[in-house]
Every structure is written in C-alpha cells, then in structure tokens.
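Participant: Would you mind keeping the following structure in view while I ask a few things?
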Amino acid sequence: MTDGQSTSPSDLFVIGGGINGCGIARDAAGRGASVVLAEMGDLASATSSSSTKLFHGGLRYLEYLEVRLVREALIEREVLLRAMPHISWPMRFVLPYHPDIRFESETPISKMLSKVMPWMKGRRPAWLIRMGLFMYDNLGGRKILPGTSTLSLKGTKEGAPLQERFERAYEYSDCWVEDSRLVALNARDAEARGAKIMTRTKVTHAQREGDLWRVETEDTETGKTATHFAKMLINAGGPWVGDIIHDKIDLPSREGVRLVRGSHIVTRKLYDHDKCYFFQGTDGRIIFAIPYERDFTLIGTTDSEHKDPAQRPVCTPEERDYLIDFANRYFAKSISKDDVVWTYSGVRPLYDDGASSATAATRDYTLKVDAKDGAPVLNVFGGKITTYRRLAESALEKIGEHISLSKGAWTAGVPLAGGDFPVDGVAALVQGLRGKYPFLSDTWALRLVRAYGTEAEKLLGEAKRAENLGRDFGATLTEAEVIWLMRHEFARTAEDVVWRRTKLGLRLSEEEISALDGWMTSRRERADAAE
Ligand SMILES: Cc1cc2nc3c(=O)[nH]c(=O)nc-3n(C[C@H](O)[C@H](O)[C@H](O)COP(=O)(O)OP(=O)(O)OC[C@H]3O[C@@H](n4cnc5c(N)ncnc54)[C@H](O)[C@@H]3O)c2cc1C
C-alpha cells in the first residue's frame, strides 16, 4: 500500500537530481515532455557538488586520445559561459615546466613516444606539451577565451609562489563553474517549464507494467510512499546507476559502472593572483591549485577506486598527504596538514571500459536504452559537468525515438536564471547593485552577482538598509537570501544553503550554521502546517 498515487502517467520519470538528471529534465520539459524528477537527497548532494568545478576540455585526456570528448567539451565551454556568465567565468592556467621532471606514464601517447624515441621514455617534453596546447587552442573554436602563451616565471607574480627551479611556464584558458548552483538552476528552469522536481524522494522500486513504468518512491523525511507512472524511465543515478539497474529495476543488463573517488583539499589562500596552476606529478597524474572563494586555495584531485556508492566518500589522510606532497614539489613555501581548512570528496560514475587504472578510465559518457521488454529505460553512464548540456541533447535524441517531442535542440542559446547579461558584464552589474543598494560592500555585492546574476535585485527587493533583509546569519547571509533559496532553489536545510547553494560554510561557525538550521526547520514546519 502506498500513501499516494500520481494521477496520469508522465512522459519521463528521471531518477537523480545531479547535473545529468536535472540537465535532461530541463531539456525535455522545454520540448513539451511532461517530466517528474526524484532526488533522494538534496539537488547535487552527490558527485555534482564535489567536482573540481571546471568547464574544461581536459588537457590530459589528449594523452589518452579522447579527442571526441575534448573537442565537444572545448566547444561547450563558451556556449555555457554565455548562458551563465554569473556562475561561470574564464580562468588562466599556468603550467610550470622543468626539463628534469620524470613521469611514470602509461598513456597511449607516452607509450608511442617511448617506442619511436626510446630516449624520451619517462619524459613529457616541452614540444609535446606545446603540441597538446596547440590542439587545445584549436580543436574547439574559441571566440571569448584567449589562447596559449609562454611565460617567464622569473620575477613575475605567477613565478613568485613557486620554487626557483621553475623558470618557464605555458599559460592557457579554461573556465570555472559553481557546480552545485549549476544543478539548482537547471532544476529551477526545468520546473519553470513544467517539470515536477521532488527532492528528498528516493526511488525504492520500479517495474514495467505494459507500456508504462510503475515507480515507487519514499519521502526520506516523512517516510511517506507514493506510486508514479511514466512512459519512459531515465536512470541518472550517477554512482548509483548500477545499483538502480540491478536492485531497483531488476534489468538483466551487463553494463557496468566504475566508481573512482576524487578528493580535494582547501587551504587558506596560498598566493595573491587570480590564476590557477596545473602541476604535473612524477606518477604521470596532474593536479590543479585554484584560487577559491576569495580567501582560499583549492587543490585536487586524486583517483582512487571506490567500491560501494552507499559509502560516503571522504578525503582519506593518505589522499590529503598525497595532494600536500604533490603541491610541495612546486610551491616555494611548503604546506602541511595544519594548513588544510576543509576537504571534500566525490565519486566519478565512469562507464566501465575495462581500462587498467582509475586514471585511465574514460571520462566520456555512454547512453544505453533498453526497450526490449516493454516501456523504455535510458541508463546514463559517465559524463562531465562540462558536457552535461550535450549529454542531455544526446539523451533527448534517444528519448525522441519513444516519446513525441514538440521541438528539437534548444538549450544552446538560452540563459539560466540570472544569466541574461554579457560574459564581461559582472563589474557593471556589481556597480549597478551597489548604486541601488549602497549598504552592500563590494565583496557582498560581488558574491550576490556571482550567485544570482541579474536576479540579485529581485532578491534584495525594496531594501534600503541591511536590516530590511531580515535576520543576519553571519558572513552576509541574510533571511531574505535564505527565503529566496528555500522558495526558488529547493533548499531545505542549512547544509543545502551553506555548502551547495553558497560556500558560506567556509566562513560561518558551527554555532551560526546550527542557528540557521533551527530557523529553517521552524520556517519549514510553519509552511507544512499551513498547507
Ligand atoms: C573529484 C571529481 C572532480 C571532477 N571534476 C570535474 C570538472 O572539473 N569538470 C567536469 O566537467 N566534470 C568533473 N567531474 C565529473 C562530474 O562531476 C560528474 O561527471 C557529474 O557530476 C556526474 O553527475 P551525475 O548527475 O551523473 O551524478 P550525481 O551528481 O552523483 O547525481 C546522481 C544523483 O542520483 C541520486 N540518486 C541515486 N539513486 C537514487 C534513487 N534510488 N532515488 C533517487 N535519487 C537517487 C543521488 O542522490 C545523486 O544526487 C568530476 C568528478 C569528480 C568525482
């Protein structure tokens, strides 16, 4: 017996409110499909809030000859920048080079190199890096992002934080994105186009009933159960994609997912400029050091096998020390575990292509439809934050074979909420906001513009003074902003607000976060009682 039953079947039932589930839901709703999405936690509570947060082509994937993926991702960077200039922005990456660095690398390119030039074994020569960057610059049709340049590290701000042995570097472009906000804004747009988004709703079972899927869900807060019917099921469960196939919907599929954990450490700001570093390790891997949230530096990531999706990924002491040691081979001033103020970890749900190492497993996505025994299901494997929109378009091509859609691909030129302004328009928006709301500091106004873009004004409303925004929870988080996030962005708890809709968790104390949680709980209870 279930506590509720949806009335008429929807076209699609999407399992998973990460970037892929929300991206598909948005695209499908915009093409007239009726969509229901269930996410068992908060939106982006799994992998999609724990990425390195780059819209990037993935320079290192060129060594694995993943040219299709790199090209698609490179082209996509600028499409996405234009659609969300508030939550994404261009960044320059400094790749220090030293001829003495040796690498243990098993990539197709390094194997080829050591065959044709045996004396090159264990090296990644400067000309190879330059060639890779040439391809990186030219595969993806750049218009906004500047190309590669060479850089002297002697006496420059880029060289200052590094050890003296690094004298030269290459500098190239990629982009930053606020990953968890990207998911929330996609969900919001999907809802605005008619999708029903249910968070804290776990799919416990689904089975075919003739031409339909019968989907059972459970509200993870109240325990209430419900039954839904849909013409097509979309399994965008990320790390749980295999668990859903085998345990929730019992498909006789042999497709496998490979779970690869990646961890990051966050330290207080290690240097004073706005560029990132791309460091190459002796094990053939690479890590980034990225300016983060104005006062911090983000360093990552690792690649470790992760067995069970139900086991919450955490950055282990070994991973933390690996990242510290890696960075210390480059930075002049060594860091230690005492410098680490926060860590986070996520699990890549990669398509199992049989690669020998976690690092080598493909980062490309694979979409598999099973329609043999009745109503169709689409299983989503792999993917990158960067390719989510293209993944959704490819998914919609497959969905279109089973569900009638009112139009073709449409998301390329359509901004997400608050992103309807030019890519270089942030400074003007901040200035405008400070003009209208003189009580905002520069950093406060910039934070609001980077989160809400042109909607920051709607959030602030008619406020004349800071007090008009209601209770101050600390670090410029006000009652008005929290209400906005609860009303428009599906936030329910303090954790949703301070770690996914914002990163103010880095600045708020435990007491402040707990006070916010208490306030949100009582507001939710009042709203539930009024229903
Ligand atoms: C360390 C790391 C760094 C990365 N860096 C980058 C990067 O810089 N750039 C980039 O482009 N990509 C990056 N990626 C890749 C990218 O983050 C992922 O490919 C992407 O987030 C996967 O999204 P998803 O929607 O498939 O999975 P998820 O975000 O994990 O979403 C799946 C959702 O399904 C839900 N779910 C599962 N089972 C059920 C159920 N039974 N009922 C209801 N809900 C369910 C889960 O709660 C989860 O929220 C990185 C990944 C990692 C791990």
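The values are calculated or read from the model by the stated rules, or taken from the named source; none is laboratory data. Since we're looking at a predicted model, the values are computed, not measured. Don't worry about glycine lacking a Cβ; one is built from the backbone with ideal geometry, like all the others, and counts go over all protein chains shown. Areas reflect the complete protein model, heavy atoms only, side chains present, ligands, DNA and RNA absent. Shrake-Rupley method; radii C 1.70, N 1.55, O 1.52, S 1.80 Å.
Participant: Please compute the modelled spin-label separation between SER514 and GLN431, points set 7 Å along Cα→Cβ, answer in nm with one decimal.
Facilitator: 4.6
Participant: Binned at 10 Å from 0, what are the whole-percent values of the Cα-Cα distance distribution for segment 387-518, short to long?
Facilitator: 11, 34, 28, 17, 9, 1
Participant: When the Kirkwood radius is taken over all Cα pairs of the chain, what Stokes-Einstein diffusion coefficient follows at 25 °C and 0.890 mPa s, in µm²/s?
Facilitator: Calculated translational D: 101 µm²/s.
Participant: Something else now. Which aspartates and glutamates have a Cα lying under 15 Å from the Cα of LYS157, excluding residues fewer than 8 positions away in the same chain?
Facilitator: Cα-Cα hits under 15 Å: GLU167, GLU171, ASP272, ASP274.
Participant: How large is the Kirkwood hydrodynamic radius of segment 194-301, in angstrom, based on all distinct alpha carbon pairs?
Facilitator: Across segment 194-301, the inverse of the average 1/r is 17.9 Å.
Participant: With a 1.4 Å probe and all protein chains kept in place, how much accessible area does TRP176 have, in Å² rounded to the nearest 10?
Facilitator: In the full protein context, TRP176 sits at about 10 Å².
Participant: A further question on this structure: So between SER522 and THR282, what do we pick up on full extension, going 0.36 nm a residue minus the alpha carbon distance?
Facilitator: Result: 81.1 nm gained on full extension.
Participant: With a 1.4 Å probe and every protein chain left in place, tell me how much accessible area THR521 has, in Å² to the nearest 10.
Facilitator: 40
Participant: Rounded to the nearest 500 deg cm²/dmol, what is the calculated helix-only ellipticity per residue at 222 nm for the chain, with -39500 (n - 2.57) per DSSP H run of length n ≥ 4?
Facilitator: Theoretical 222 nm ellipticity from helices: -8500 deg cm²/dmol.
Participant: Keeping every protein chain in place, order MET131, MET40, MET520 by accessible area at 1.4 Å, biggest value first, i.e. largest first.
Facilitator: MET131, MET40, MET520
Participant: Moving on to the next point. Taking the alpha-carbon centroid of each part, what is the distance from segment 235-267 to segment 158-196 in angstrom?
Facilitator: Their Cα centres are 24 Å away from one another.
Participant: Here's another thing I want to ask about it. Carbon and sulfur atoms: what percent of the 1.4 Å accessible area of the chain do they account for? Numbers along the way, then the final one.
Facilitator: Details: 11160 of 22300 Å².
Within the chain, the accessible surface is 50 percent carbon and sulfur.
Participant: Can you tell which of THR217, LEU182, ALA169 lies farthest toward the positive end of the dipole of segment 156-233, using +1 and -1 charges on the Cβ of basic and acidic side chains (Lys, Arg; Asp, Glu)?
Facilitator: The listed residue farthest towards the positive side: THR217.
Participant: Going Cα to Cα from LYS436, which lysines come in below 29 Å? Please leave out same-chain ones fewer than 8 positions away.
Facilitator: LYS458, LYS464, LYS503
Participant: While we're here: Sorted by mean Cβ packing within 10 Å, highest first, what order do the peptides 141-150, 479-488 take?
Facilitator: Order by mean packing, descending: 479-488, 141-150.
Participant: In addition: Enter the accessible area of LYS384 (Å², nearest 10), with the probe set to 1.4 Å and all protein chains included.
Facilitator: Surface open to solvent at LYS384 totals about 40 Å².
Participant: Tell me, in nm to one decimal, what length is gained between ASP211 and LEU128 on full extension, where the rule is 0.36 nm per residue of separation less the Cα-Cα distance? Provide the component values of the computation, followed by the final result.
Facilitator: Values: separation 83, 0.36 × 83 = 29.88 nm, distance 5.41 nm.
Once the chain is fully extended between ASP211 and LEU128, it gains 24.5 nm.
Participant: How big is the charge dipole of segment 379-492 about its Cα centre, in debye rounded to the nearest 20, if each Lys and Arg gets +1 on its Cβ and each Asp and Glu gets -1 on its Cβ?
Facilitator: Values: 15 positive and 14 negative charges, 22 e Å.
Computed about the Cα centre, the dipole is about 100 debye.
Participant: Also, quick follow-up: Let me check something: with ligands and nucleic acids excluded, how do SER8, SER522 order by accessible area (1.4 Å probe), largest to smallest? Each step should come with its number before you reach the end.
Facilitator: Values: SER8 80, SER522 45 Å².
I get SER8, SER522, largest accessible area first.
Participant: Another one. Which net charge results when you count Lys and Arg as +1 and Asp and Glu as -1 among the other residues whose beta-carbon is under 15 Å from that of GLU216?
Facilitator: Counting the neighbours of GLU216, the net charge comes to -1.
Participant: For segment 393-436 and segment 29-48, compute the distance between their C-alpha centroids and round to whole Å.
Facilitator: 17
Participant: Just the accessible area per residue of segment 118-168, please: how many Å² with a 1.4 Å probe?
Facilitator: 60
Participant: Between LYS269 and ARG465, what is the label-to-label distance in nm when each label sits 7 Å out along the Cα-to-Cβ direction?
Facilitator: 3.1
Participant: Another question, if that's okay. So with the 1.4 Å probe, I'd like the accessible area per residue for segment 1-54, rounded to whole Å².
Facilitator: Values: 1490 Å² over 54 residues.
Result: 28 Å² of accessible area for each residue.
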